[in-house]
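Right, one structure below, let's go through it.
The values are calculated or read from the model by the stated rules, or taken from the named source; none is laboratory data. Keep in mind that what you see is a predicted model, and the values were worked out from it rather than measured. Note: ideal-geometry Cβ built from the backbone for every residue, glycine included; neighbour counts use all protein chains shown.
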Amino acid sequence: MRDVAIIGIGMTKFGEIWEKSFRDLVAEAGAEAIHDAGIEGAEIDAMYIGGMSTGRFIGQEHLGPLAIEVAGLEELHIPSTRIEASGASGGVALHQAYLAVASEAYDIVVVGGAEKMTDVIEMEATEILSSVADREWEAFFGATFPSLYAMMARYHMHKHGTTNEQMAKVAVKNHANATLNPKAQFRREISVEAVLNSPMVAEPLHVLDCSPMTDGAAAVVLAPMEKAKDYCDKPIKIIASEQASDTLSLHGRKRFDSIPASMEAANKAYKKAGIKPSDIDVAEVHDCFTIAEIMAIEDLGFVKKGEGGKAMDDGLTELKGEIPVNTSGGLKARGHPIGATGIAQANEIVLQLRQEAGERQVKDARIGLIHNVGGAGGTAVVHILEEI
Amino acid sequence: MGVPRYWREIPQRYNLIGKKCGVCGKIYFPPRSICPQCRRKSIGKMEDYKLKGTGVVESYTIIHTPPPEFEGKEPYAIAIVKMDEGCCVTGEIIDCDFSEIHIGMKVKACFRRIQEDGERGIIYYGYKFKKSEED
């Protein structure tokens, strides 16, 4: 296996983008990444695109050729593949693209992710999101997607003493970071009180504990490390790309205060990269709900299991903290167009490692981690990137 | 939902018929066709097994934002229940105040209406859980 680098990034503004279609978003993010990488269309060997439920959100499947057509590359007939892994669709697409380049099957690969969630009404979106849970044995009985994380939150509170205030601090931090990100959906600060006083979705999770419905797309361009310098001055090396699985249902797990697939993917990634959690300078983690970020910083080894809540009180993961987490605003405030999220996370870490993150730049960030989860933890992907 | 999709799950959803691995004896619900511990040795040896229906709440939530099929029913309680046989099941907790629900609460399964396919479609039934007298 050879070394692989990210040589280009692109991303649309995230939000309720009523004036743009799914295709418009894919074209915009893809064109930006290709321009950033300085490649020609004819150099692209393959494309991958992550999308969670475009069939339900916009009635459109078969995203591979859609991406090729909007990019104007149909006459090259290059392979283009859609990847679905719920919220981890983007991360799994990046993993597949990494394997393709590392294995020398392809040289230049464009990886995108996109979702258009606001073309349906909110209740329909809630129903669509239930499809990432176990339809027959969870959703059939009335469980919603947020309700699964709510049960993890309740269990975490019971077992480790985590509080509603500590969870709210995740949302407060991520909103504060998003004020510094021009592409974020919510560029305004919120208070702990605002989170705790917002309407309940599934107790103990309030609406401001939840990531929003978002439209958006993101893309990155991969190349073999040995060729990366020919294209860009600051290639960012992928030093680990690991994916792990678990049961589709939450009730099938042995524990409810953790995402075991996250621990597995992270442990393999640290081993592959030859580093420890304390070597990470900046991380984008999958905060689909506030409790998810608390579990993530534990599962990724930044703190011990059960101490994620306390880490929020201590400011460990704030922009000026020891390990800044979700400098982009995270899923909570940058926004969560489901299929795009894993690639948007990669955009942020590349910006940080290039020292191009502007006002939210983590000083001298050299090693960054990306953590992307599908469903209630049935899929987890961890990438570790390094500035060479 | 098409009728066969509902009809084929009736034994499990009406009577909590799970599976017992004929090799190691472990009990599974929802039913599985392969035991994750015995894997290939268990193929063809998974036997039907009716759960007693009693268990303990592992975690729970009160849902305030329902999907369309459950609109108007909110708020309602959903829990993961660890059955006495060792497997965990997701279902609604009924017939008690939300304030009574707690982790460790003893519950027993009962047969109830779950949802319906619009005003004219079939009615779907299955299990829910209520507080056990032992709690």
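Find the residue count for region A:234-252, including only residues that are within 13 Å of another protein chain (Cβ to nearest Cβ) and in contact with a helix residue (DSSP H, G or I) (Cβ under 7 Å, 6 or more places away or on another chain).
3
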Quiz item: Taking only pairs six or more apart or across chains, which ones have beta-carbon atoms under 7 Å, a first residue in region A:187-216 that is free of Cβ contacts under 8 Å to residues at least 24 places away in the same chain and under 17 Å from A:Met151 (Cβ atoms), and a second residue that is in a helix (DSSP H, G or I) and acidic (Asp, Glu)?
Solution: none
Exercise. Any residue in region B:48-61 that's closer than 21 Å to B:Gly25 by Cβ: show its pairings with residues that are assigned to a loop (DSSP other than H, G, I, E, B) and among the aromatic types (Phe, Trp, Tyr) at Cβ separation under 7 Å, as long as the two are six or more apart or on different chains.
Key: B:Leu51/B:Phe29
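Name every residue in region B:93-110 that is assigned to a strand (DSSP E or B) and either among the hydroxyl-bearing types (Ser, Thr, Tyr) or over 13 Å from B:Val56 (Cα atoms) (or both), in order of residue number.
The answer is B:Ile94, B:Cys110.
Among the residues that make up region B:67-81, is at least one of them outside any strand (DSSP E or B), within 23 Å of A:Ala139 (Cβ to Cβ), in contact (Cβ under 8 Å) with a residue 40 or more places away in the chain and not aliphatic (A, V, I, L, M)?
yes
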Self-check item: Hits in region B:82-109 - residues which are within 20 Å of A:Glu136 (Cβ to Cβ) and away from chain A (no Cβ under 11 Å)
Solution: B:Glu85, B:Ala109
Practice problem: Scan region A:357-384 for residues that are surrounded by fewer than 24 Cβ atoms within 10 Å (Cβ to Cβ) and either polar (S, T, N, Q) or in contact with a Phe, Trp or Tyr (Cβ under 8 Å, 6 or more places away or on another chain) (or both) and report the count. | Solution: 1
Quiz item: Any idea which residue in region B:52-73 is nearest to the other protein chains (Cβ to nearest Cβ), counting only those that are more than 17 Å from B:Tyr127 (Cα to Cα), loosely packed, with under 14 Cβ neighbours inside 10 Å and out of contact with any helix residue (DSSP H, G or I) (no Cβ under 6 Å at 6 or more places or on another chain)?
Solution: B:Glu71
Self-check item: Checklist (1) within 15 Å of A:Thr290 (Cβ to Cβ); (2) surrounded by fewer than 22 Cβ atoms within 10 Å (Cβ to Cβ); (3) within 14 Å of chain B (Cβ to nearest Cβ) applied to A:Thr163, failing item
Solution: (3)
Self-check item: Cβ-Cβ under 6 Å pairs, at least 6 apart or on other chains, region A:159-184 side part of a helix (DSSP H, G or I), far side of a type in the set (Ser, Thr, Tyr)
Solution: A:Met167/A:Thr290; A:Val170/A:Thr290; A:Ala171/A:Thr290; A:Asn177/A:Thr327
Self-check item: Single residue of region A:178-215 satisfying the filter (within 30 Å of B:Phe70 (Cβ to Cβ) and in contact with a Lys or Arg (Cβ under 7 Å, 6 or more places away or on another chain)) that is nearest to the other protein chains (Cβ to nearest Cβ)
Solution: A:Pro204
Quiz item: Would region B:91-108 turn up any residue that is within 14 Å of B:Phe129 (Cα to Cα), surrounded by fewer than 21 Cβ atoms within 10 Å (Cβ to Cβ) and under 14 Å from the mean Cα position of the chain (by Cα)?
Solution: yes
Quiz item: Looking only at region A:5-44, which residues are part of a helix (DSSP H, G or I) and of a type outside the set (Gly, Ala, Ser)?
Solution: A:Phe22, A:Arg23, A:Asp24, A:Leu25, A:Val26, A:Glu28, A:Glu32, A:Ile34, A:His35, A:Asp36, A:Glu43
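Inside region A:225-319, counting only helices (runs of 4 or more DSSP H) that do not spill past its ends, which hold 1 or more residues that are hydroxyl-bearing (Ser, Thr, Tyr)?
A:225-231, A:260-273, A:290-299
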Quiz item: Out of all the residues in region A:335-356, is one or more assigned to a loop (DSSP other than H, G, I, E, B), of a type in the set (D, E, K, R) and surrounded by 24 or more Cβ atoms within 10 Å (Cβ to Cβ)?
Solution: no
Quiz item: If you check every pair at least six apart or on different chains, which have Cβ atoms under 8 Å apart with a residue in region A:115-126 that is free of Cβ contacts under 8 Å to residues at least 24 places away in the same chain first and a residue that is in a loop (DSSP other than H, G, I, E, B) and surrounded by 14 or more Cβ atoms within 10 Å (Cβ to Cβ) second?
Solution: A:Met123/B:Pro67; A:Thr126/A:Thr144; A:Thr126/B:Thr65; A:Thr126/B:Pro66; A:Thr126/B:Pro67
Practice problem: Confirm whether B:Arg120 is modelled with pLDDT under 95 and surrounded by fewer than 18 Cβ atoms within 10 Å (Cβ to Cβ). | Solution: yes
Practice problem: Please verify whether region B:114-131 includes one or more residues that are hydroxyl-bearing (Ser, Thr, Tyr) and assigned to a loop (DSSP other than H, G, I, E, B). | Solution: no
Self-check item: Residues that are within 14 Å of chain B (Cβ to nearest Cβ) and in contact (Cβ under 8 Å) with a residue 24 or more places away in the chain, drawn from region A:253-273
Solution: A:Arg253, A:Phe256, A:Asp257, A:Ser258, A:Pro260
